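Derivation of every value follows stated rules applied to the coordinates shown; laboratory data play no part. Keep in mind that this is a model prediction, so the values were computed, not measured. Virtual Cβ from ideal backbone geometry, glycine too; neighbours counted across all protein chains shown.
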Amino acid sequence: MDMKRLYSVEAIVSLLMVLIAYFISVRLVVLILLFLLALLNVCKAPTSTFWLVAVIVNEYSAIFIALTIITLSTGVQDGFCTLLGTVLGLIAVTLFFSPILRAYLISQSLSKDMKKAFTRDSNSSINSQPFPSNESFSVSKLFRFVLKMPYRTYTYVTYDDTSLTLDFYPASVSGKRPCVVVIHGGSWTSGDSKQLPELNSRLATAGYHVAAICYRLAPRWQYPTPIEDTKAALDYLRNHADELNINKENFVLLGRSAGGQIALLTAYKFKELGIKGAINFYGPADMVWGYFTPTNPLVLNSFRVLERYLGGSYYGLEEKYRDSSPIEFVTEATVPTLMFHGGLDPLVFDEHNYRLSRKLKEHNVPHYFLQLPWATHGFDYHLNGPGGQLSTYAIEYFLHVVTNQ
């Protein structure tokens with residue numbers, strides 16, 4: 001009887017040891033995975049799938065910090081696996097925390113830097129009244145949601161083969177108000193006016209009309225059709241300014257990625273349409289340089305993207321590539337410009353906005369370039385993430401000074 005009991009005890013102990021070993025190995029595997037994800041805060045994504053993951057990791061870093069700490073807290077056994085997992089976990093926590101820390105550090109001087117960039121001395125149309133808020137980043141905002149505002153959809157132009165619509169978010173403030181025209185990204189081949197609508201609601205709440213537009217897409221329609229469509233949207237909004245309570249001499253164009261190129265080029269070419277400023281989220285500004293500086297094809301085949309949009313390779317279409325480059329149209333009369341780019345962007349290199357910033361400086365054009373070292377393409381997906389908070393504050397500051405509202 002004693003021997004049977006002994007065998008039972010040994011069986012139970014063996015089972016516990018197996019479970020402990022299994023648990024330790026699972027803990028180690030989870031911490032290794034979290035460590036690899038954390039590396040996306042300091043390394044460019046190697047593939048398109050990892051780029052999508054990087055967007056989440058960068059801007060929802062607080063969630064990953066919590067997951068890592070919870071996993072670390074389960075290590076109660078001694079041994080190499082436990083120690084290795086703990087070391088990797090602590091490094092992961094540090095890397096996950098880095099976007100929050102760096103956003104905080106940038107926030108300490110952002111208001112002052114923007115005030116210096118946009119002064120009445122640099123442009124007589126700049127609003128000299130101080131921006132009412134200096135808080136550009138708050139840890140508590142990381143966990144807040146953005147209230148959705150209602151919008152109405154209008155057909156703004158009809159062609160023989162298609163019609164285009166815009167989503168209009170009316171300002172929460174009465175009277176004639178400035179209007180922000182939002183132009184979506186998608187490599188000029190995809191996307192629509194419903195892309196990342198949170199900012200539209202936020203700006204409407206802040207007192208600005210927002211018109212998020214659709215435009216004709218490549219390869220069926222090529223450059224310059226998106227520019228023509230944006231101009232048509234501006235014409236529609238100006239013609240219906242009384243009905244929509246728009247100040248038709250107070251437009252700002254905002255574009256993301258491919259939409260950034262469209263926004264910049266339209267603003268630089270058609271200032272007479274009441275355009276007061278341009279905002280570029282990680283969009284290409286120099287199409288020639290971009291063609292000869294290709295991206296990692298595992299992330300994006302930039303040759304293919306540009307050739308589908310512009311109709312072919314650079315050779316034979318040199319003038320078209322130059323004509324589609326916003327940087328080629330910078331003059332002393334260019335509208336004030338706000339630029340955002342992530343240092344880890346694998347789809348559109350931040351050198352585009354560095355080059356544009358230098359060109360704007362050469363021509364004494366008021367501008368500000370907010371470069372976020374940890375951020376990737378599409379970092380504003382989470383409006384209250386580290387990059388989302390900083391860019392939203394900068395946009396509201398910019399709108400305040402260029403629209404005089």
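Just a few scattered comments:
- Neighbour-count order for Phe168, Phe80, Phe131, fewest beta carbons within 10 angstrom listed first: Phe80, Phe131, Phe168
- In nm, spacing of pseudo-spin labels at Thr162 and Ile32 (7 Å Cα→C-beta vector): 4.7
- Of Gly255, Gly312, Gly290, the residue with the greatest mean-square motion in the GNM of the chain, using alpha carbon springs below 10 Å, is Gly312.
- Highest mean packing first, where packing is the average number of other Cβ atoms within 10 Å per residue, the peptides 268-275, 232-239 line up as 232-239, 268-275.
- Residues whose placed amide H lies under 5 Å from that of Thr153, excluding near-sequence neighbours: Phe168
- Gaussian network model of the chain, springs between alpha carbon atoms under 10 Å - residue of Tyr159, Tyr321, Tyr381 with greatest fluctuation: Tyr159
- Residues Asp345, Asp160, Asp242 in ascending order of nearby Cβ atoms (within 10 Å, fewest first): Asp160, Asp242, Asp345.
- P(r) tail fraction, the chain - alpha-carbon pairs more than 29 Å apart, %: 49
- With the convex hull drawn over the C-alpha atoms of the stretch 219-370, the volume per residue is 113 Å³.
- Here Trp188, Trp221, Trp51 are placed in order of increasing Cβ neighbour count within 10 Å, fewest first, which gives Trp221, Trp51, Trp188.
- Annotation: the antiparallel percentage among DSSP beta bridges lying fully within the chain is about 25.
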